[in-house]
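Asks: After the structure tokens below, expect a handful of questions from me.
The values are calculated or read from the model by the stated rules, or taken from the named source; none is laboratory data. Please read these numbers as outputs of a predicted model, since none were measured by experiment. Using ideal geometry, Cβ is built from the backbone for each residue, glycine included, and neighbour counts are taken over all protein chains shown. Remember, those area values only see protein heavy atoms, side chains included, never the ligands or the DNA or RNA. Shrake-Rupley method; radii C 1.70, N 1.55, O 1.52, S 1.80 Å.
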Amino acid sequence: MAACSIEDLLAKAEQDEAEKLKSITVQKELDLEFDIGNLVAYDKNRIDIRQFREQKKEDFLRSLARDNTQLLVNEIWKHPTERVEEVIVVKLPEPTTPLPREKPPPKPRPPTKWEEFAKLKGIQKKKKTNLVWDDKVAKNELHRLRNIARAQKIKVPGVGLTPIAQQSKSDLARAVNVAKSSTASAGKFQDRLPKEKAPRNTGKKRKFQPVIGNFSNEKQRQLDLLKVMDSKKPRLDVNKAVNKQMREVDREEAAAKFKKGGKKGRKGGNFSGKGKGGGGKGKGKGRAGGKGQGPPSGKKGAGKPGKR
């Protein structure tokens with residue numbers, strides 16, 4: 001009895017498993033009519049009354065619905081497929097069965113001004129990419145741009161907190177200041193942390209004139225601007241003109257001194273002198289002296305002192 005009961009249990013389990021894993025092939029006397037556009041199938045086969053009475057109604061209807069649904073799914077996958085965002089879908093044909101509607105179909109929405117402008121200019125909407133940001137690629141690109149700027153001797157602008165292995169205290173402070181000044185008020189209304197010091201070397205701040213209150217200063221600036229634009233003679237900068245004249249005078253004096261010094265250096269090219277000595281007279285000019293008395297040689301020689 002125990003062996004029979006075990007065999008019955010195994011047979012029942014196999015039958016239940018077979019019911020779950022039925023074949024996708026379903027046999028029908030008459031083929032079903034399909035309207036794939038509406039995902040509808042029409043079954044014109046006669047229902048077996050004896051089988052309907054012998055089985056439970058729910059089981060019979062469930063089995064019939066399962067077979068017809070399997071045939072509908074088989075017919076759907078006979079149509080062309082395509083891949084949309086990593087999912088395979090079936091392109092359904094137009095429906096053939098007209099279905100009644102409670103309300104008329106909605107009219108097409110008129111294009112907006114932007115859609116009309118984009119169509120006129122040929123602007124097409126770009127699809128979002130599935131690429132993921134890679135920090136390593138961004139870090140390598142940052143280093144490459146820094147190398148180019150260093151080779152061309154260009155100052156690299158500050159970017160807040162740069163992607164490096166270890167951040168220093170100054171880097172963190174600069175990143176905090178950049179984040180605070182990124183608000184609409186340029187960090188004017190941002191609360192400070194306890195014991196936080198005021199930032200240093202943040203650069204010059206632009207000063208704007210008040211938009212309310214006394215407008216006399218603004219009026220005077222506009223009048224001065226109109227005077228400059230309306231005057232025929234150009235505006236003279238006295239300090240600039242005086243400095244320019246002084247530089248020209250200094251340049252002329254330096255050129256004159258250079259010319260005088262050159263003439264003095266060219267005098268005294270001959271080394272012969274005028275005087276009596278060695279039994280003869282000779283005329284000449286020398287560096288140390290031109291006319292002078294020569295060494296004693298038994299004769300008197302008189303001469304004039306040379307000029308330097």
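Asks: Check LEU92: other-chain or 5+ apart residues with amide H under 5 Å from its amide H, H built from backbone geometry?
Replies: Under 5 Å from the amide H of LEU92 lies no amide H from a residue far enough along the sequence or on another chain.
Asks: Hey, another quick one. If you count only protein heavy atoms and use a 1.4 Å probe, how large is the accessible surface of ILE6, to the nearest 10 Å²?
Replies: 100 Å²
Asks: Probe 1.4 Å, all protein chains in place: accessible area of VAL84 in Å², nearest 10?
Replies: Result for VAL84: roughly 70 Å² accessible.
Asks: A follow-up question, please. Rounded, prolate or oblate, given the Cα gyration tensor of the range 30-173, with a/c below 1.5 counting as rounded? Provide the component values of the computation, followed by the final result.
Replies: Working: a/c = 4.24, a/b = 2.40, b/c = 1.77.
Here the range 30-173 falls in the prolate category.
Asks: Tally Lys/Arg at +1 and Asp/Glu at -1 over every other residue whose Cβ is under 12 Å from the Cβ of VAL40; what's the total?
Replies: Numbers: positive: none; negative: GLU33, ASP35, ASP43, GLU75.
Once all neighbours under 12 Å are counted, the net charge is -4.
Asks: Let me ask something else about it. Quick one: length gained pulling PHE117 to PHE258 fully straight, 0.36 nm per residue minus the C-alpha distance?
Replies: 43.2 nm
Asks: Given a 1.4 Å probe and the protein chains all in place, what does the accessible area of LEU193 round to, in Å² to the nearest 10?
Replies: Ignoring ligands and nucleic acids, LEU193 comes out at about 120 Å².
Asks: Using a 1.4 angstrom probe on the protein heavy atoms only, could you order LEU39, LEU142, LEU236 from most to least accessible area?
Replies: Values: LEU39 95, LEU142 45, LEU236 130 Å².
My answer, sorted largest first, is LEU236, LEU39, LEU142.
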